[in-house]
1. Does segment 257-264 include one or more residues that are in the same structural domain as GLN65 (by TED's automatic domain parsing) and more than 16 Å from the ligand (Cβ to nearest atom)?
2. Where in segment 36-137 are there helices (runs of 4 or more DSSP H), lying wholly inside it, with at least 2 residues that are within 15 Å of the ligand (Cβ to nearest atom)?
3. Could you check, for segment 357-364, whether at least one of its residues is in contact with a Phe, Trp or Tyr (Cβ under 7 Å, 6 or more places away or on another chain) and over 22 Å from GLN55 (Cα atoms)?
4. Regarding ALA223, is this residue assigned by TED's automatic domain parsing to the domain that holds GLY258, open to solvent by less than 50 Å² (accessible area, probe 1.4 Å), under 17 Å from LEU265 (Cβ atoms) and within 13 Å of the ligand (Cβ to nearest atom)?
5. Based on this model, can you work out whether LYS195 counts as away from the ligand (no atom under 16 Å from the Cβ), free of Cβ contacts under 8 Å to residues at least 60 places away in the same chain, under 27 Å from ILE210 (Cβ atoms) and among the basic types (Lys, Arg)?
6. Among the listed residues LYS229, LYS214, which satisfies the condition of being modelled with pLDDT of 95 or more and either within 16 Å of the ligand (Cβ to nearest atom) or closer than 27 Å to LYS373 by Cα (or both)?
7. Name the residue that is surrounded by the fewest Cβ atoms within 10 Å (Cβ to Cβ), counting only residues in segment 153-168 that are touching a residue at least 24 places away in the same chain (Cβ under 8 Å) and out of contact with any strand residue (DSSP E or B) (no Cβ under 7 Å at 6 or more places or on another chain).
8. From GLN232, GLN301, GLN307, grab the single residue that is of a type outside the set (Gly, Ala, Ser) and more than 21 Å from the chain's Cα centre (by Cα).
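The values are calculated or read from the model by the stated rules, or taken from the named source; none is laboratory data. Computed from a predicted model, the values in this text were never measured in an experiment. Here the Cβ positions follow ideal geometry from the backbone for every residue, glycine too, while neighbour counts run over all protein chains shown. Ligands, DNA and RNA are stripped out before the accessible areas are found, and what is left, the full protein with its side chains, is counted by its heavy atoms. Shrake-Rupley method; radii C 1.70, N 1.55, O 1.52, S 1.80 Å.
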Amino acid sequence: MHIRIHTLSLACALALGTNAALADVKVGFMLPYSGTYAALGQAIENGFKMYVDEQGGTLAGQKIQYFQVDDESDPSKATDNANRLIKRDQVDILIGTVHSGVAMAMAKAATGSDTTLIIANAGAGALTGPLCNPAVFRTSFTNWQPAFAMGPVALDKGYKTAVSVTWNYAAGNEAIEGFKESFEEGGGKVVKELKLPFPNVEFQPILTEIAALKPDVVFTFFAGGGAVKFVQDYAAAGLKTPLLGSGFLTDGTLKAQGQSAQGLLTTLHYADGLNTPKDNAFRTAYSQRYPNMAPDVYAVQGYDAGQLLAAGLEAVEGDVQQKGKMRDAMRAATIDSPRGSLTFSKAGNPIQDIYLRQVDGEQNISLGVAVEKLADPARGCKL
Ligand code: PHB
């Protein structure tokens, strides 16, 4: 009886093209499925699963088994949540997360247990800076990257003074630093930085202060539900000051923002209207599979996490236990991303074009590349 079952599963494995000697590859999603970033987490999972399903549900011949934890974008629960996937579920690969503070704890748990981590959003510079590690990869961005690209755009428009507005945590602080660096290098001046705690959305005092300060321009980082409300409140306040942002301000949010977002300029590593064969195929497939969700930057980052894992598994013929060889192949991979071609720095962060986009209807239409092949400086990374 035992032998018969074994023979059957072997036959099954051969039919599926899988290597029966190897166990399934266990992938753990640690993402926000609730709170202000819930839609972002869902889009990352959607993109990843779509890629795997496009490959017939296997990568390098291995079946992928999924585990999930809702991290609630809460850094205080992050270590426990990561360990649920690492120790309880014994995942081979961690995928996550959106919030930079949660990702910091996740990276420590991953490197402490030698588990491969693919960060599919969180932009904290430290993850591919002082904390960089051969086990840690990112298919998204550093918070610095899109924000740094906006400085020259603002200068080009003749703006000389700016006020920055954001949530007071790693993502917001690093984004406004990135903008300040390039804006002030070119002769601009950030006259004030206004912050509120994550994920608060009581923006009225801040809008009143902007009205009093009258800068040439406002630069901002908000994302998810908070971005929807900020853009709506900004428009409702009737401020004449132009608003610029890291592109998260208007990504995956335009249906809800509607009229209030029209014409906004942002910089990001993805845009609508790229009109390349790869992006068109991705967008058509995503829209068919998830008719109620726009193919946004988060879906792309999840999709590319799937592509990056595939590159690693192919190099070891599906044997996820060969961690060193798998990670070397991932570092060296060139990904055919919907955003354009993607390579990785020594620190494991994408080197990528940053687009200037403008909101038109429910799309962030590309106006062209703001900065080509922008690499994060990876300050403090010793790899
Ligand atoms: C972050 O916390 O790093 C973060 C969150 C949401 C975004 C971008 C960055 O859209």
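1. No, segment 257-264 has no match at all.
2. Result: 38-54, 100-112.
3. no
4. When the stated conditions are applied, ALA223 passes them.
5. Judged against the criteria, LYS195 is not a match.
6. LYS229
7. GLY158
8. GLN232
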